[in-house]
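Notes follow once the structure below has been shown.
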Amino acid sequence: MSINIKATKRDVKGTSASRRLRRAGSVPGVIYGGDSPAIPLLFDHKALFMEFRHEAFHASILNLEVDGKKEDVLLRDYQLHPVRNTIQHVDFQRVSATETIHVKVPLHFINEETCPGVKTGGGNVAHILNEAEVSCLAKNLPEFIEVDLGALQVGESIHLSQIKLPKGIEFVQLAHGADPAVSSVNKPRGATTETETDTDAEAPVTLVDGETAEGDAPADDAE
């Protein structure tokens, strides 16, 4: 899916100027990277937000048109208003077709309800990671990565190394020697293990010298 966004070059700079632009319905931004200098940009907030709210906008190669010139870019940073949830600023990075890029890609989990740990074991699925950073060429960047939970039993987890990736893509964490868990199936609430059940059993009574099992002192011997 191709996502197209448009911008114009921004001549005014500074906090006050940016505030005026936002009040007028625009979003200040910048494009940088590659062999070209950074360029301040201006976006229409309504048009930008329509694309921004889609998941693919955050992990896809975007087609940015600036004054008629098109470039492939990635969304690298953004700022949202803490109350109104409007976009305050956006940063885009130019992408080269021949250079490896590092991008965080969403994880989509499948077969949660049908895995043995949930269907027959009554367990609950926990998502430990919802995205993971990948390394690849721009042409190979996926919009998302599927994580198949179909074989998980209660108490089991799936790690990055167990996820099947498309050709030409690798997880950055694996390349650095880390293999974190991505999702797990936890035991049902209230379930007890065999060890916990044994603990609840009646403990043996140790008699103190001169005491009966009921804890009363013995009657005096008949004379």
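The values are calculated or read from the model by the stated rules, or taken from the named source; none is laboratory data. It should be emphasised that the depicted structure is a prediction, and the values quoted were computed from it without experimental measurement. For neighbour counting, all protein chains shown are included, and Cβ atoms are generated from backbone atoms with ideal geometry for every residue, glycine included. Just so you know, the surface numbers come from the protein's heavy atoms only, side chains and all, with ligands and any DNA or RNA stripped out. Shrake-Rupley method; radii C 1.70, N 1.55, O 1.52, S 1.80 Å.
Within the stretch 1-19, the set of residues being of a type outside the set (S, T, N, Q), at pLDDT 90 or above and open to solvent by 80 Å² or more (accessible area, probe 1.4 Å) comprises Lys6, Lys9. Here Arg189 meets each of (1) in contact (Cβ under 8 Å) with a residue 24 or more places away in the chain; (2) under 24 Å from Arg76 (Cα atoms); (3) not polar (S, T, N, Q) with one exception, condition (2).
Checked against the criterion of being within 25 Å of Lys139 (Cα to Cα), surrounded by 13 or more Cβ atoms within 10 Å (Cβ to Cβ) and in contact with a His (Cβ under 9 Å, 6 or more places away or on another chain), the stretch 51-58 has at least one qualifying residue. Taking the criterion of being exposed (fewer than 14 other Cβ atoms within 10 Å of the Cβ), over 30 Å from Thr98 (Cβ atoms) and either among the small types (Gly, Ala, Ser) or modelled with pLDDT of 95 or more (or both), the residues of the stretch 20-46 that qualify are Ala24, Gly25, Lys46. Residues in the stretch 55-92 that are over 26 Å from His108 (Cα atoms), free of Cβ contacts under 8 Å to residues at least 12 places away in the same chain and part of a strand (DSSP E or B): 2 in all.
Of all residues in the stretch 106-124, how many are in a strand (DSSP E or B) and either touching a Phe, Trp or Tyr at 6+ places or on another chain (Cβ under 6 Å) or of a type in the set (S, T, N, Q) (or both)? The number of residues fulfilling the criteria is 3.
Sub-8 Å Cβ pairs linking a first residue in the stretch 142-162 that is part of a loop (DSSP other than H, G, I, E, B) to a second residue that is open to solvent by 60 Å² or more (accessible area, probe 1.4 Å) and of a type in the set (A, V, I, L, M, F, W, C), at least 6 apart or interchain, are Glu143/Met1, ordered by first then second residue. Can you report the number of residues in the stretch 81-94 which are hydrophobic (A, V, I, L, M, F, W, C) and at pLDDT below 95? Of the residues in that region, 1 qualify. Among the residues of the stretch 191-201, is there at least one that is open to solvent by 60 Å² or more (accessible area, probe 1.4 Å) and modelled with pLDDT of 95 or more? Looking through the stretch 191-201, none of the residues is open to solvent by 60 Å² or more (accessible area, probe 1.4 Å) and modelled with pLDDT of 95 or more.
Yes/no per residue for (1) within 18 Å of the chain's Cα centre (by Cα); (2) open to solvent by less than 70 Å² (accessible area, probe 1.4 Å); (3) modelled with pLDDT under 95:
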{"site": "Ala138", "(1), (2), (3)": "no, yes, yes"}
{"site": "Gly150", "(1), (2), (3)": "no, yes, no"}
{"site": "Lys167", "(1), (2), (3)": "no, no, yes"}
{"site": "Gln173", "(1), (2), (3)": "yes, no, no"}
{"site": "His176", "(1), (2), (3)": "no, no, no"}
{"site": "Glu214", "(1), (2), (3)": "no, no, yes"}
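In the set (1) in a helix (DSSP H, G or I); (2) closer than 25 Å to Val30 by Cα, the condition left unmet by Ala97 is number (1).
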